[in-house]
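For reference, the structure is listed below as structure tokens.
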Amino acid sequence: MKKEGEVRISSGCAISGIFCRDGKRISGEAIKKSIAVMHNRSNGLGGGFAAYGIYPQYKDYFALHIFYDSQNAREDTERFLDKRFDIINLSKIPVRQTQNISDAPLIWRYFITPLPHLLQDSQLDENEYTAKATIRINNSIEGAYVVSCGKNMGVFKAVGYPEDVADFYRIEDYEGYSWTAHGRYPTNTPGWWAGSHPFSLLDLTVVHNGEISSYDANRRAVEMYGYSCNLLTDTEVITYILDYLTRKQGLSMKECSEVIAAPFWTTISIKSEEEKNRLSYLRKMFSSFLITGPFSILVGFNGGMMALNDRLKLRSLVAAEKGETVYFSSEEAAIRVIEDNPDRIWAPRGGEAVIVGLNERGKRI
Amino acid sequence: MKVIDIRKEGMDEVRKHENENLTITGCLGERYIGCGMRNGTIHVEGTPGNALGSYLDGGTIFVDGNAQDAAADTMNAGLLAIKGSAGDALAYGMRGGRVYVLGDTGYRTGVHMKAYKDNKSILVIGGRTGSFLGEYLAGGIIIVLGLGDEKKDITGYFCGNGMYAGTIYLRTDKVPLNLSEKLIKRNVEEDEKDRILRPIISDFAAAFSIPAKRCLEGSFIAIEADKSKSYSQLYAAV
């Protein structure tokens, strides 16, 4: 085998996303095709998908996808869940054995709802109750990692190239109105199953191309609010920051983008008075959540998706629209492969969030 | 003319014929097309991948659609003409030759382009550019026409930051957003327009078969480093 330096691996992570504003549910085939075009951007050390609208028959229950290193971890976790939740359904997540994916953990799926009397005693809402429980599993049960825990959505990730990960999870069997995908090239953290993208908490997921230079400052800030970063990848912290800002501080996604990719002071200084005040307030109030370093991210959540670059636009990101469908990707070619004649194709500017949501028709579905 | 379907015949086949007269069809993100090519003409259909025409050393590449990131990286000579738009970091460290883009370009267009003796980098953009246009510019000419976007800002933020030679011409009367105070902005007189801009822009227009007259309409401004400070202030705005 050739050593590092003897062989040139030209890469950088890849991200891709598809969002159907009319709520049309499409199979995972399209997102697999899109991310596969950017094969060379990853190096086989991580791939994954987030899908929304895939569990309509269980849409009122939290869907937990969990990795276990051992049967003991599974038994401990199930005991933990059983005490706090009504488990409506549980099963192994169906996988297809493929040559390119090995060392898989045990992969289980649960549909759960908080036990009513415990939820009431806790004085929390069901989201906070569930989020606290999953953070506790990740933190305290050895060998158990909650991969996703939102309603009517799920994360499918592994070590491997994304198209192989798609085959492994039989991604073509799922139908969702919103999909994100990631091909990984880890630079300074290990490539391992739980450390692949997407990262998620409740229904919020993040796929990320880049590297957060402010990681430790961000981590220390967010851990003060009860989060815990233990998946050894910088992207994890973006997920918790966005959960904190939206769910606990009530910020809109647009405001979140103005916190994590805040404009430079020189840029703020030439805005209108009102805009200047607003942007200055967000920068000052949430200064510890400014994310520096290169990034392009796709944030998935129930009913919507956000694409965002760092303010210097140090990573690539292309957006396109065709009818009611919106596409995002690291490279234009990854959009063209699934939609060769978009109505509009453009590159969002640095720090300029593109946020899409379900239209009236989509919301009814 | 040789026609190659790149999805079927692959990059190896392209490499074999690169210095001839060639049409490549069906591109979907294939990297390094025309990389280091010395002569020949390539006509590209579809969406070519990153580093298109990087280190180009002669010949012509004509792209029907859009190009992705890092096209014409460190290009030395020849012509790269893109009928659609181009991604980020176009013509980074370009040393000579011509790059024409009819549409828009992304961030960091023409960063650290150079000129030396007979080698003069020329970059013309028909649409608008992202921020950091001509950052650390060391020589050559960048022209942004903003066709169809006459009322908008055509360059984004931090235009020409840190440049110390070369000229950025903009077809607008607006000063770029937050332009560094250490750069000189001047209006382009008719004489300079005729002498320098007309020949280049006519060549650009001819490459895409559009009327040169429209591209030359209206006033131009030029942005340059302040020569009086070239030693005390090597990097103009940093």
Looking at segment B:107-129, can you tell me whether even one residue there is farther than 23 Å from B:Thr74 by Cβ, touching a strand residue (DSSP E or B) at 6+ places or on another chain (Cβ under 6 Å) and without any contact (Cβ under 8 Å) to a residue 60 or more places away in the chain? no
Matching residues in segment A:137-160 - criterion: being in a helix (DSSP H, G or I) and either in contact with a His (Cβ under 8 Å, 6 or more places away or on another chain) or touching a residue at least 40 places away in the same chain (Cβ under 8 Å) (or both): A:Ile137, A:Asn138, A:Asn139
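Just give me the residues in segment B:2-12 being within 14 Å of chain A (Cβ to nearest Cβ), of a type outside the set (A, V, I, L, M) and farther than 16 Å from A:Asp340 by Cβ, in sequence order.
Listed by number, the list holds a single entry, B:Gly10.
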Considering only residues of segment A:275-293 that are touching a residue at least 40 places away in the same chain (Cβ under 8 Å) and surrounded by fewer than 17 Cβ atoms within 10 Å (Cβ to Cβ), which is farthest from the other protein chains (Cβ to nearest Cβ)? A:Ser288
Looking at segment B:87-103, which of its residues are touching a residue at least 40 places away in the same chain (Cβ under 8 Å) and within 13 Å of chain A (Cβ to nearest Cβ)? B:Asp88
Inside segment B:13-45, can you point out the residues that are buried (at least 22 other Cβ atoms within 10 Å of the Cβ), part of a strand (DSSP E or B) and within 14 Å of another protein chain (Cβ to nearest Cβ)? B:Ile24, B:Cys27, B:Val44
Scan segment B:50-62 residue by residue and report those that are within 12 Å of chain A (Cβ to nearest Cβ) and in contact with a Leu (Cβ under 8 Å, 6 or more places away or on another chain). B:Leu52
Considering only residues of segment A:323-356 that are out of contact with any Lys or Arg (no Cβ under 8 Å at 6 or more places or on another chain) and farther than 13 Å from A:Ser34 by Cβ, which is surrounded by the most Cβ atoms within 10 Å (Cβ to Cβ)? A:Ala347
Looking for something at pLDDT below 95 and assigned to a strand (DSSP E or B) - is there at least one such residue anywhere in segment B:150-160? no
Pick from segment A:15-32 the residues that are among the small types (Gly, Ala, Ser) and part of a loop (DSSP other than H, G, I, E, B): which of them is farthest from A:Val326 (Cα to Cα)? A:Gly28
So, first residue more than 14 Å from chain B (Cβ to nearest Cβ) in segment A:300-314, second residue of a type in the set (S, T, N, Q), Cβ within less than 7 Å, six or more apart or across chains; the pairs are A:Gly300/A:Ser178; A:Gly300/A:Thr180; A:Gly300/A:Thr205; A:Asn302/A:Asn152; A:Met305/A:Ser178; A:Met306/A:Ser257; A:Leu308/A:Ser257
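So that you can scan it fast, the table gives a plain yes or no per residue for (1) under 17 Å from the mean Cα position of the chain (by Cα); (2) crowded, with 24+ Cβ neighbours inside 10 Å:
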| residue | (1), (2) |
| --- | --- |
| A:Ala30 | no, no |
| A:Arg41 | no, yes |
| A:Pro56 | no, no |
| A:Leu64 | yes, yes |
| A:Asn72 | no, no |
| A:Glu78 | no, no |
From the options B:Gly106, B:Gly84, residue that is within 25 Å of B:Glu217 (Cβ to Cβ), assigned to a loop (DSSP other than H, G, I, E, B) and within 14 Å of chain A (Cβ to nearest Cβ): B:Gly84
Kindly indicate whether A:Glu324 is within 11 Å of another protein chain (Cβ to nearest Cβ), among the charged types (D, E, K, R) and touching a residue at least 60 places away in the same chain (Cβ under 8 Å). no
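Conditions tested, residue by residue: (1) of a type outside the set (Ser, Thr, Tyr); (2) farther than 18 Å from A:Gly17 by Cα; (3) buried (at least 19 other Cβ atoms within 10 Å of the Cβ).
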site	(1), (2), (3)
A:Asp125	yes, yes, no
A:Gly154	yes, no, yes
A:Gly183	yes, no, yes
A:Asn188	yes, yes, no
A:Val222	yes, yes, yes
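For segment A:34-51, name all the residues that are of a type outside the set (Lys, Arg) and within 13 Å of chain B (Cβ to nearest Cβ).
The answer is A:Ser34, A:Ile35, A:Ala36, A:Val37, A:Met38, A:His39, A:Asn40.
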Is it the case, given these coordinates, that A:Tyr244 is aromatic (Phe, Trp, Tyr), under 30 Å from A:Thr134 (Cα atoms) and in a loop (DSSP other than H, G, I, E, B)? no
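Considering only segment B:211-225, state which residues are over 14 Å from B:Gly126 (Cα atoms), among the hydrophobic types (A, V, I, L, M, F, W, C) and modelled with pLDDT of 95 or more. Break it down stepwise before answering.
Step one: filter segment B:211-225 for residues over 14 Å from B:Gly126 (Cα atoms), giving B:218-219, B:221-225.
Pick out the ones that are also among the hydrophobic types (A, V, I, L, M, F, W, C) and you get B:221-223, B:225.
Those that are over 14 Å from B:Gly126 (Cα atoms), among the hydrophobic types (A, V, I, L, M, F, W, C) and modelled with pLDDT of 95 or more: B:Ile221, B:Ala222, B:Ile223.
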Return the residues of segment A:340-360 that are in contact (Cβ under 8 Å) with a residue 24 or more places away in the chain, away from every other protein chain (no Cβ under 11 Å) and outside any loop (DSSP other than H, G, I, E, B); say none if nothing qualifies. A:Arg344, A:Val354, A:Ile355, A:Val356, A:Gly357
Could you list all residues from segment B:174-205 that are small (Gly, Ala, Ser) and within 14 Å of another protein chain (Cβ to nearest Cβ)? B:Ser180
Out of (1) surrounded by fewer than 18 Cβ atoms within 10 Å (Cβ to Cβ); (2) in contact (Cβ under 8 Å) with a residue 24 or more places away in the chain, the one A:Ala319 does not meet is (1)
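For A:Ala51, state whether it is at pLDDT 95 or above, assigned to a helix (DSSP H, G or I) and of a type outside the set (Val, Ile, Thr).
On the way: at pLDDT 95 or above: yes; assigned to a helix (DSSP H, G or I): no; of a type outside the set (Val, Ile, Thr): yes.
When the stated conditions are applied, A:Ala51 does not pass them.
Residue under question is A:Leu251, and the condition is that it be assigned to a helix (DSSP H, G or I) and under 21 Å from A:Val354 (Cα atoms); does it hold? Please lay out each step first, then the result.
On the way: assigned to a helix (DSSP H, G or I): no; under 21 Å from A:Val354 (Cα atoms): yes.
Here the answer is no, as A:Leu251 does not meet what is asked.
Mind checking which residues of segment B:63-81 are away from chain A (no Cβ under 14 Å) and free of Cβ contacts under 8 Å to residues at least 24 places away in the same chain? Lay out the reasoning, then the answer.
Within segment B:63-81, the first condition is being away from chain A (no Cβ under 14 Å), and the residues that meet it are B:72, B:74-81.
B:Thr74 - this is the single residue of segment B:63-81 that is away from chain A (no Cβ under 14 Å) and free of Cβ contacts under 8 Å to residues at least 24 places away in the same chain.
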Checking B:Arg198 against (1) crowded, with 16+ Cβ neighbours inside 10 Å; (2) over 30 Å from A:Thr266 (Cα atoms), which test does it fail? (1)
Mind counting the residues in segment B:161-185 that are in a strand (DSSP E or B) and in contact (Cβ under 8 Å) with a residue 60 or more places away in the chain? 1
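The values are calculated or read from the model by the stated rules, or taken from the named source; none is laboratory data. Remember, predicted model here, so these are calculated numbers, not experimental data. So basically every Cβ, Gly included, is an ideal-geometry build from the backbone, and we count neighbours across all protein chains shown.
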